[in-house]
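S.K.: Please see the structure below; I have some questions.
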Amino acid sequence: MSQIKLVTLSDGSTLEVGLAGKPSRPIIMLPIAKKSVTDQEAESLKMWGVDPDLGQHFVEGLSDLFQVLHFDYEGHRFQHPQPDHLTAEYIANDFLHIADEMGVDTFSYYGYSWLALAGLQLALRTNQLESLIMGGFPPYEGPYQEMLTVTAKTHEQALQSSPSSSAQNSHQDAVSPEEYDWDQVQVTLDPAQTKQFLTLYQSLSDFDDTSVHGDLSLPKLAFAGEADRIVYGENFGRVTVDIAGALRKNEPTLRQFGWDVVIIPGNVMDHTKAMQPETVLPVIKPWLAANLLK
């Protein structure tokens, strides 16, 4: 059974939201469910290790056991940026509004990268969550200051970039990831798109993620790829975002707070590889079954 609805958000934009699976089953919110792409765009994504049917494979992979509330929040915010308003509270309110519009009272949440930290913020603002899964962003001693630096530098470059340079730096270029020079990459995004993520990390600049875990009594899982560590060059503030390192360092503390922790092995298991359905589903599906299907 599948239901599709256009949900109007607080900024007046409309987002396509789906609810798939059996009505009697627990509901998993998936804001990471990107739409499938084809042809050259799909081939380019494959070259970068990205599943062109990522959203579809997540929905299909979970909807046999659960209901899946799915939408592409990142894609929506690139199409409808909120440069001055995309705070942690704003995102949480969007998610709760979507759940309400879809008639969903309680649900679990899976997010990856910045949508993982959004899930933590959601969990701190509502009692509607049944469980929380954070992938690619550590729940304890997360790199908030580092990402504030990176997003500030990214926004600076977006303000300075020229439209003509975008063709030279697109992922559509016939350059393999191994040959890509990340120190020389130029940002060619719309400044409104980059500003919204700067706004997000600014809204979290005083957030202390080490002080909140006593308030989270629901089942919780954090995971990351073993090689999830990005060293940014001068263009992005010379910071290192070490997702795997922070998760590994704080695993004993997280377990004391009731978190389950998984570090996916492999020296190629970087931030991109560790978000693909073929990698994630074997981690989260049995965990969700063990915690929700009792």
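S.K.: Across region 226-254, what is the total count of residues that are among the polar types (S, T, N, Q) and farther than 16 Å from ASP209 by Cα?
M.R.: Here the count works out to 2.
S.K.: Against the conditions (1) modelled with pLDDT under 95; (2) under 22 Å from SER113 (Cα atoms), where does MET1 fall short? Just the number, please.
M.R.: Condition not satisfied by MET1: (2).
Residue-wise test of (1) under 30 Å from LYS294 (Cα atoms); (2) surrounded by 15 or more Cβ atoms within 10 Å (Cβ to Cβ).
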position	(1), (2)
ILE4	yes, no
PRO23	yes, no
ILE27	yes, yes
PRO52	no, yes
HIS80	no, yes
PRO83	no, yes
THR106	yes, no
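S.K.: Something else about it: For region 224-237, indicate whether the set of residues that are of a type in the set (S, T, N, Q) and either within 17 Å of TYR112 (Cβ to Cβ) or out of contact with any Lys or Arg (no Cβ under 8 Å at 6 or more places or on another chain) (or both) is non-empty. Explain how you work it out, then say what you get.
M.R.: Residues of region 224-237 of a type in the set (S, T, N, Q): 235.
Right, trim to either within 17 Å of TYR112 (Cβ to Cβ) or out of contact with any Lys or Arg (no Cβ under 8 Å at 6 or more places or on another chain) (or both) and you get none.
Within region 224-237, not a single residue is of a type in the set (S, T, N, Q) and either within 17 Å of TYR112 (Cβ to Cβ) or out of contact with any Lys or Arg (no Cβ under 8 Å at 6 or more places or on another chain) (or both).
S.K.: Which of the residues belonging to region 11-23 are part of a loop (DSSP other than H, G, I, E, B) and modelled with pLDDT of 95 or more?
M.R.: Within region 11-23, ASP11, GLY12, SER13, GLY21 qualify.
S.K.: Could you say whether any residue in region 258-272 is farther than 18 Å from TRP287 by Cα and touching a helix residue (DSSP H, G or I) at 6+ places or on another chain (Cβ under 6 Å)? Quick ask: steps written out before the conclusion?
M.R.: If we filter region 258-272 for residues that are farther than 18 Å from TRP287 by Cα, which is where we start, we get 266-272.
Those still in the list that are touching a helix residue (DSSP H, G or I) at 6+ places or on another chain (Cβ under 6 Å) too: none.
Looking through region 258-272, none of the residues is farther than 18 Å from TRP287 by Cα and touching a helix residue (DSSP H, G or I) at 6+ places or on another chain (Cβ under 6 Å).
S.K.: Now for a separate question. Within region 233-274, how many residues turn out to be crowded, with 19+ Cβ neighbours inside 10 Å, over 30 Å from LEU293 (Cα atoms) and not aliphatic (A, V, I, L, M)?
M.R.: The qualifying residues number 2.
S.K.: So which of GLY119, GLY136 is in contact (Cβ under 8 Å) with a residue 12 or more places away in the chain, at positive phi and either of a type in the set (A, V, I, L, M, F, W, C) or out of contact with any Lys or Arg (no Cβ under 6 Å at 6 or more places or on another chain) (or both)?
M.R.: None of the other options fit; the residue is GLY136.
S.K.: Also, quick follow-up: Scan THR272, THR240, THR253 and give me the residue that is within 18 Å of LEU115 (Cβ to Cβ) and hydroxyl-bearing (Ser, Thr, Tyr).
M.R.: Result: THR272 is the single residue among THR272, THR240, THR253 that is within 18 Å of LEU115 (Cβ to Cβ) and hydroxyl-bearing (Ser, Thr, Tyr).
The values are calculated or read from the model by the stated rules, or taken from the named source; none is laboratory data. Quantities reported herein were computed from a predicted structural model and do not represent experimental measurements. Note: ideal-geometry Cβ built from the backbone for every residue, glycine included; neighbour counts use all protein chains shown.
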